[in-house]
Amino acid sequence: MTQFENLNPPKSGTPIRVKDGEIEVPDEPIISYIEGDGIGVDITPAMLEVVNAAVERAYGGKRRIEWFEIFAGGKANERCGERLPKDTLKAIETYVVAIKGPLTTPVGGGYRSLNVSLRQLLNLYACVRPVRWYQGIPSPVHHPELMDMVIFRENTEDVYAGIEWAQGTQEAGQVLDFLNEKMGTQILTDSGIAIKPISITGTKRLVRKAIHYAVDRNRRAVTLVHKGNIMKYTEGAFRDWGYEVAREEFRAQTITEEETSNGASLDGKILINDRIADSMFQQILTRTAEYDIVACPNLNGDYLSDACAAQVGGLGMAPGANMGDHVALFEATHGTAPKYAGKDMVNPSSLILSGVMMLEYMGWNEAAHRIEKALEATIEQKTVTYDLQRQMEGGTKVSTSKFAENIVKNL
Ligand code: NAP
């Protein structure tokens, strides 16, 4: 039994376990959740209500989630004077599956991003973001239904490695001296400095996860997105190591674009190709349907997943997960939207759809499917939160809690 300093785990329920490389989910799993800062108070209760109701409807009481509230961000700071207590990390590792609301990160100073810390400390190396369109969602493009992609974004290195020295500091001066004097560079001496590492280990485990996902779910293609024409030894290496994983570990299930252009037939295999990041931003608009699973280094993945989400209705509709080998932390992709905090106004769909991903990860597909259908029905009835209503002709604006209530009615 795991001991916590300031948390009291539920008395009933059973932890999810990992056995022979797979997660084993009991009928009453303990799942930890973080409410989150800002609009966390609005969207997290909505998600809990919808997930609980869907599980109840799908399994008639045979299955149930025992929720365990754990703390990070403002609420953790109030309780124990730190924003990311050790207890929280321990609980996420112990109970394997967790879900969280957004957490505040100060820009340009203050404390380090809690989201980045969570991902790095728990080694949640893959940020997984499915992006698909739900019937009735207003979109800025003519054919949002063509978008059905899952983005695997590397979560621990590249710019997330967080190696930076501010302009004018002694450390930045030392690095600049080393580079200019010893390595022959000519960097302006009033520069700030950042280093982006991309490793074989980080790349291969990410691409492996993406290809595994494609194999398990019978998907069509995995595209490696990089800026290897400019940064050959980081972004370019990401592409090369990605192809190596496909060739060496998934030879029987994959075929490269180069092989098909040399005449090899696809033969039901997963197509592995690569695209330079800037061209990919065009392609998602002009050749949307060609793209399926995408694997990218951290920064490309960040930009690309928001751009893809915009095509299907914006961040309010985009779910996400941070995954390690087994531990998975599901989360909304948007932030804390502080101006709406506590106003019962915002769209809870991103977190609810993260709950759908979580249920799928647990193998509770019936409950997951019910939520997707009920969400779609609610949107088609045009009773939606302000963000969707302002883009919808004839829509009726409802609160976060009313929207969740309507989803439950439609389950
Ligand atoms: P944001 O919180 O995502 O909000 C930006 C805008 O997006 C909002 O003003 C709102 O637009 C729209 N929006 C976001 N969530 C919405 C929802 N659920 N329903 C409807 N509209 C929604 O981004 P930010 O203002 O740049 O960041 C605020 C804080 O969140 C920062 O501290 C940032 O570091 C943090 N953050 C955390 C995470 C995370 O925890 N994973 C992720 C990103 C940002 P309109 O005003 O136009 O309606």
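The values are calculated or read from the model by the stated rules, or taken from the named source; none is laboratory data. All of these numbers come straight from a predicted model, not from anything done at the bench. All Cβ positions, even for glycine, are placed from backbone atoms using ideal geometry, and neighbour counts span all protein chains on display. Accessible surface areas use protein heavy atoms only, side chains included; no ligands, DNA or RNA. Shrake-Rupley method; radii C 1.70, N 1.55, O 1.52, S 1.80 Å.
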Query raised in the report: Is there any pair linking a residue in region 64-81 that is of a type in the set (D, E, K, R) to one that is surrounded by fewer than 16 Cβ atoms within 10 Å (Cβ to Cβ) and part of a loop (DSSP other than H, G, I, E, B), with Cβ under 8 Å and at least six apart or on different chains, and which?
Result: R64/D27; R64/E28; E66/P10; E66/S12; E66/E28; R79/N6
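Count, please, the residues in region 235-255 that happen to be open to solvent by 30 Å² or more (accessible area, probe 1.4 Å) and closer than 21 Å to E290 by Cα.
Quick first cut of region 235-255, residues open to solvent by 30 Å² or more (accessible area, probe 1.4 Å) only: 239-241, 243-244, 247-249, 251-253.
This time we only want the ones that are closer than 21 Å to E290 by Cα, so: 239, 243, 253.
Residues that pass the stated criteria total 3.
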Query raised in the report: Which residue out of V51, V41 is among the β-branched types (V, I, T), within 16 Å of the ligand (Cβ to nearest atom) and either surrounded by 17 or more Cβ atoms within 10 Å (Cβ to Cβ) or within 24 Å of the chain's Cα centre (by Cα) (or both)?
Result: V41
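Here are L84, L103, L114: which of them is under 18 Å from the mean Cα position of the chain (by Cα) and surrounded by fewer than 24 Cβ atoms within 10 Å (Cβ to Cβ)? Don't jump to the end; show me each part of the working.
Values: L84 fails: under 18 Å from the mean Cα position of the chain (by Cα); L103 fails: surrounded by fewer than 24 Cβ atoms within 10 Å (Cβ to Cβ).
After ruling out the rest, the residue left standing is L114.
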Report summary line: Note on region 305-316: residues within 15 Å of the ligand (Cβ to nearest atom) and either at negative phi or crowded, with 23+ Cβ neighbours inside 10 Å (or both) are S305, D306, A307, A309, A310, V312, G313, L315, G316
Query raised in the report: With region 14-75 as the region, which strands (runs of 3 or more DSSP E) entirely inside it contain at least 1 residues that are closer than 20 Å to E331 by Cα and at pLDDT 95 or above?
Result: 30-34, 66-70
Report summary line: In the set D292, D278, the lone residue that is under 19 Å from Q311 (Cβ atoms), crowded, with 16+ Cβ neighbours inside 10 Å and not aliphatic (A, V, I, L, M) is D292
Report summary line: Only one of K269, K339 is away from the ligand (no atom under 16 Å from the Cβ), open to solvent by 10 Å² or more (accessible area, probe 1.4 Å) and out of contact with any Asp or Glu (no Cβ under 9 Å at 6 or more places or on another chain), namely K269
Query raised in the report: Can you tell me which residue in region 344-386 is farthest from P45 (Cα to Cα), limited to those that are surrounded by fewer than 21 Cβ atoms within 10 Å (Cβ to Cβ) and within 11 Å of the ligand (Cβ to nearest atom)?
Result: Y386
